[in-house]
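Nothing in this text is a laboratory measurement; each read-out follows from the coordinates by a stated rule. Fair warning: this is a prediction, and the values are worked out from it, not measured in the lab. Positions of Cβ are backbone-derived with ideal geometry, glycine not excepted, and every protein chain shown enters the neighbour counts.
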Amino acid sequence: MAEPMLIAKSEDFIYLLPRMANRHGLIAGATGTGKTVTLQALAEHFSRNGVPVFMADVKGDLSGMSRAGGGNAKVEERIAQLGVEDFGYAACPVVFWDVFGEKGHPVRTTVAEMGPLLLSRMLNLNEVQAGVLTAVFKIADDKGWLLLDLNDLRAMMQHASENGAEYTAKYGNIAAASVGAVQRALLQLEHEGADRLFGEPALDLDDMLQTDSKGRGVVNILASDRLYNSPRVYASLLLWLLSELFEKLPEVGDLDKPKLVFFFDEAHLLFNDVPNALMDKIEQVVRLIRSKGVGVYFISQNPLDIPDIVLGQLGNRVQHALRAFTPRDQKAVKSAAETFRTNPKVDVKTAITELGVGEALVSFLDEKGRPMPVERAFICPPGSRIGMATDAERNETMRSSLLYGHYEKTVDRESAYEILKAKAEETLKANEQAKAQAAASQSAKRTAAREPDTLLETVAKTAARTIGSELGRRVIRGVLGSILGGKK
Ligand SMILES: Nc1ncnc2c1ncn2[C@@H]1O[C@H](COP(=O)(O)OP(=O)(O)O)[C@@H](O)[C@H]1O
Ligand SMILES: [Mg+2]
């Protein structure tokens, strides 16, 4: 049985029950109030209980989890103050991941697995453009052409646009303007370096669900400092991970402890002007993933950033200090206060603006799944290092990982791009043959009698030339040009 996890202390110690940890959670508070340290402490407890965790590291300050703590005056002070007994400094079994492949093992997925809905979000497409993208996915699917990387998608877009007449009846209008917009958005994605997200080997989720030789859950840390500059890519990737977990994991109901806990830092990015269709999906995934044994914890500066329908599903709450300067701040304070189960000993509205660093209003679910009355409490610090790991330390962790070498090299197997390229090359060859034939018949005629061309022959030659030159070149420019041009 997983032990209750000691997270904080008010008059008494406050425990998070592993059995209730799949009922999701919220860590909120203004900048510098202790959210990241709270996340770290929670993650560490899960790991120690054999529960793997995943987190995106936006500032790089979670990388220190790979090292033992110590030598931090604030931590020592807090430990002494709280009288935590079996506290010890220890490193966590960290696995670093990085879409850009620099600060961790590369994280990749295929275009097909990302799917048109999330990809449209990532590319910031409007409804019509998203419709075209979806149609192109369907065409590729029906043809049996794989969409693995961005080259595949670009080639497919081009192909669909050039053969629009053939596809329109079955798949709907594939307007050139929409195709152009999608292609431009793909270029932008590439410009941001996010094209590296697509390809193979694709991430095997099982690699994130591991325990180490001591039975501790691995702590998966996705380097997100650079990714964070492309907020849509960041949010879509995390959402994809969630939905993959949802789709791949079996239904398990309520377990003794979660199978995985997923920390979603800077959660407001997920909900920034989300189209309704996607919002419905997010709400659904969050609601249903519980029964797959996955707990989701949102971290946010302002609880108002999270839609009510999602907020209502977050049972385990740590609310750090909020400022109350602006009317929006005041609204946040009010709404945060209203969502806690009241405790006559705590004046939530006043407390929330007074809390010190590493102090919070805490309410977890009890063994029956009811929120416990809110407590004003100090968070017990983690035993791993608070702050960054050095580059050397990070490299050392990466190289000693069992996964090292598996994701580091991309493979490029035959997919839509290669198929369409081969097709284009065939067309090119056919054109050249037609040209050669025309030339041969011409020279044969010349050697025979040097008679002037008959009208019929002239027409035939013109046609051959047209195929060989104009039409041919258009096909080549149209198909080969952009496909080949895109390949680095
Ligand atoms: N529970 C805690 N115990 C001891 N020190 C803490 C605690 N929480 C936060 N701190 C101190 O406050 C600093 C800022 O906390 P952090 O979690 O990074 O804030 P936030 O993520 O909300 O911006 C930490 O680097 C640490 O020194
Ligand atoms: Mg932080």
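For the chain, the longest principal axis of the Cα atoms and the long axis of helix 111-123 meet at an angle of about 80 degrees. When peptides 150-156, 80-86 are ranked by their average number of other Cβ atoms within 10 Å per residue, the highest-first order is 150-156, 80-86.
For segment 340-410, which trypsin sites (Lys or Arg not before Pro) pass both filters: DSSP loop (anything but H, G, I, E, B) and at most 14 other C-beta atoms within 10 Å?
Numbers: sites: Arg341, Lys345, Lys349, Lys368, Arg376, Arg385, Arg394, Arg399, Lys409; in loops: Arg341, Lys345, Lys368, Arg385, Lys409.
For trypsin sites (Lys or Arg not before Pro) across segment 340-410 that sit outside H, G, I, E and B with at most 14 neighbouring Cβ atoms in 10 Å, the list reads Arg341, Lys345, Lys368, Lys409.
Below 8 Å, C-alpha to C-alpha, sequence gap of six or more: please give me the relative contact order for segment 1-97 in percent.
Working: 62 pairs, mean separation 19.5, N = 97.
Relative contact order for segment 1-97 comes out at 20 percent.
Separation of segment 334-409 from segment 194-228 is 21 Å, based on Cα centroids. Summarising the strand pairing of the chain, around 40 percent of its internal DSSP beta bridges are antiparallel. Over the chain, Cα pairs under 8 Å with separation of 6+ residues give a relative contact order of 28 percent. Toward the positive end of the charge dipole of the chain, with +1 on the Cβ of Lys and Arg and -1 on the Cβ of Asp and Glu, the farthest Cα among Asn431, Val219, Thr134 is that of Asn431. What's log10 of I(q)/I(0) for segment 181-298 at q = 0.11, 0.19 Å⁻¹, Debye sum over Cα points only, no solvent? These q points yield log10 I(q)/I(0) values of -0.43, -1.20. Computed from the C-alpha gyration tensor, the three semi-axes of the ellipsoid equivalent to segment 323-378 are 21, 13, 9 Å, from longest to shortest. Helix 35-48 against the longest principal axis of the chain: what's the angle in degrees, Cα atoms only, rounded to the nearest 10? Approximately 90 degrees, to the nearest ten.
For the chain, state the average projected area of the convex hull of the C-alpha atoms over all orientations, rounded to one decimal in nm².
Details: hull surface 114.6 nm².
That works out to 28.6 nm², a quarter of the Cα hull's surface.
Could you please state, rounded to a whole Å, how far the C-alpha centre of segment 248-308 is from the C-alpha centre of segment 1-74? What the calculation gives is 17 Å, centre to centre.
Measure nothing fancy, just the Cα-based angle from helix 127-143's long axis to the longest principal axis of the chain, in degrees from 0 to 90, nearest 10. For 127-143 against the chain, the angle is about 70 degrees.
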